Every structure is written in structure tokens, then in C-alpha cells.
Amino acid sequence: AIAEATEKLSNWGRWGKDDQIGTLNNITPDDIVNAAALIRKGRSFGLGIPLDTKIQTGLFGGRWNPIHTFLATGTDAFSGNQDAGGLEYADDAINMPIQGSTHWDSLNHIYYDKKMYNGYDCRLVDSKRAAKNGIENTREKMVGRGVLLDVARFKDVEYLEDGYGISNAELDDCAAAQGVEIHKGDFVIIRTGQQEKCLKSGNWAGYAGGDAPGVKFEN
């Protein structure tokens, strides 16, 4: 099934042999202007998980939770332990794997048959750098119209159970019930309720790599 889908749905070469951003090419300056015109209330919503949330349980990839270390504090300033020409300060550092918290995956994150998006060889990503398909290529393209499909609310449940597969038909039905249409270049966000479940229970086992609810393979 994966091999068949790879042939049928591939975008390799669609935007040229040197492309590194894939379907983000669908977003035009006009799309961004039109998206900005939709703003009515000026409210903003942070979608990231706080860095002190212990979402990593050692389940996948040997990842650890962010380690927050204070390098200088107000007590250092008060004690006279700082030599900065009269300037007193606080400073800190965070040690974490990129997948340790909320993040975007780049197109070099997953390989199939030792190839990544657009046919680039997996060996172009080594311990020093990502020579192709790095996330830096998307920094000027991640702006557009966002469409939230609240599947949990549509199904009238607090959250979808682990392992639940959302079909394409369910996504279409959810969009119709919400009165929204999905257009070329839109950013579709699917709410399953899993994060609220974990926040409420305090149990993040499986969240970072387990049988999370999500779209079916057909999607």
C-alpha cells in the first residue's frame, strides 16, 4: 500500500528537481493577503506545549524532556558574584532534542527506500548538517489561511481514543458541519482532544510516539 501510494501521490519533480518545500509552493502572496483579510477580532492563540511539560517518556527515539538550567540569577547579583562592569543580570539555557516539545518536522525527517522528498539521497543528512530539505527552507512560507477541523467536537466526545483513525469522509463531514471549505494552500489543523486528555490526566505515556488518534492512511 505504501509503495502504491508513493507512486500515485508523489509530488517529486512537480516544482522542479531542486525544490525543497513541497506543497508549500501552493501558497501565493495573494493567498496570504486574503488570509489576513479574514481577521476580525485580533485575538491570538498559543498552540505550543509549555517546555516544562514532561511529554517524553522514553518511548521513542531516546529523547528526553527539556532541561532548564539557570546560568545566572538574582541571588548571584545580590551576592556580588557577577563581574559585568556594574551590570547585573539573569541568564539561562535549555537543553533539549528538537522533538522534545512542540515543533515542525522538515521534509528530511522521514525517508522511504533511502530517499527523502524530491528524490534526495538520505545521506545528504549527516551528523553535521542537513544539506537538503532543511526546515530553514520553509521560514518564509509558513503563513496562510488556517482551517481548524474540530473532529472531537464534531463527534461529540471529549477526545478521540488512542488508535482511532479519522477517515477522509469524516473530515469532509466535519468541514461541512462547521460551514468551512478547504482551499489550495490552506493550513489544516485537526483537533483530536488528545492533548487536553493528557493535560487533564497528567499522563503523557504514548503521546510522543504511541498509538495517537489521527488521520487514516487513506488521507
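Of all residues in the range 2-21, those satisfying the criterion of being assigned to a loop (DSSP other than H, G, I, E, B) and acidic (Asp, Glu) are Asp18, Asp19.
Kindly evaluate Ala37 against the criterion of being under 20 Å from Phe187 (Cα atoms) and either in contact (Cβ under 8 Å) with a residue 60 or more places away in the chain or out of contact with any helix residue (DSSP H, G or I) (no Cβ under 9 Å at 6 or more places or on another chain) (or both). It is true that Ala37 is under 20 Å from Phe187 (Cα atoms) and either in contact (Cβ under 8 Å) with a residue 60 or more places away in the chain or out of contact with any helix residue (DSSP H, G or I) (no Cβ under 9 Å at 6 or more places or on another chain) (or both). Note on the range 161-177: among residues that are free of Cβ contacts under 8 Å to residues at least 40 places away in the same chain and of a type outside the set (A, V, I, L, M), the one that is surrounded by the fewest Cβ atoms within 10 Å (Cβ to Cβ) is Asp172. The selection criterion, being more than 17 Å from Thr53 (Cα to Cα), at pLDDT below 90, under 18 Å from the mean Cα position of the chain (by Cα) and acidic (Asp, Glu), does not hold for Asp186. Quick one: in the range 140-161, which of the residues that are farther than 16 Å from Arg43 by Cα and aliphatic (A, V, I, L, M) is farthest from the chain's Cα centre (by Cα)? It comes out as Val157. Against the definition (closer than 30 Å to Gly193 by Cα, part of a loop (DSSP other than H, G, I, E, B) and in contact with a strand residue (DSSP E or B) (Cβ under 7 Å, 6 or more places away or on another chain)), how does Leu107 come out, yes or no? Against the criterion (closer than 30 Å to Gly193 by Cα, part of a loop (DSSP other than H, G, I, E, B) and in contact with a strand residue (DSSP E or B) (Cβ under 7 Å, 6 or more places away or on another chain)), Leu107 does not qualify. Put simply, of Glu136, Glu158 the only residue that is assigned to a loop (DSSP other than H, G, I, E, B), acidic (Asp, Glu) and open to solvent by 80 Å² or more (accessible area, probe 1.4 Å) is Glu158.
Does Thr75 fit the bill of being among the hydroxyl-bearing types (Ser, Thr, Tyr), over 22 Å from the mean Cα position of the chain (by Cα), over 28 Å from Lys216 (Cβ atoms) and open to solvent by 80 Å² or more (accessible area, probe 1.4 Å)? So Thr75 fits the description; yes. Annotation: of all residues in the range 110-122 being open to solvent by 70 Å² or more (accessible area, probe 1.4 Å) and assigned to a strand (DSSP E or B), the one that is nearest to Ala1 (Cα to Cα) is Tyr112. Restricting Lys184, Lys200 to residues that are open to solvent by 50 Å² or more (accessible area, probe 1.4 Å) and not in a loop (DSSP other than H, G, I, E, B) narrows the list to Lys200. The set of residues from the range 22-68 being part of a loop (DSSP other than H, G, I, E, B), under 18 Å from the mean Cα position of the chain (by Cα) and of a type in the set (Ser, Thr, Tyr) comprises Ser44, Thr53. Please work out if Leu149 is within 27 Å of Val33 (Cβ to Cβ) and outside any loop (DSSP other than H, G, I, E, B). Yes: the conditions hold for Leu149. Looking at the range 78-91, which of the residues that are under 30 Å from Gly48 (Cα atoms) and in a loop (DSSP other than H, G, I, E, B) is most open to solvent (accessible area, probe 1.4 Å)? The residue in question is Tyr89.
The values are calculated or read from the model by the stated rules, or taken from the named source; none is laboratory data. No experiment lies behind these values; they were computed from the predicted model shown. A quick note on method: Cβ atoms are made from the backbone with ideal geometry, for glycine too, and the neighbour counts reach across all protein chains shown. These area figures cover heavy atoms from the full protein model, side chains too; ligands, DNA and RNA do not enter into them. Shrake-Rupley method; radii C 1.70, N 1.55, O 1.52, S 1.80 Å.
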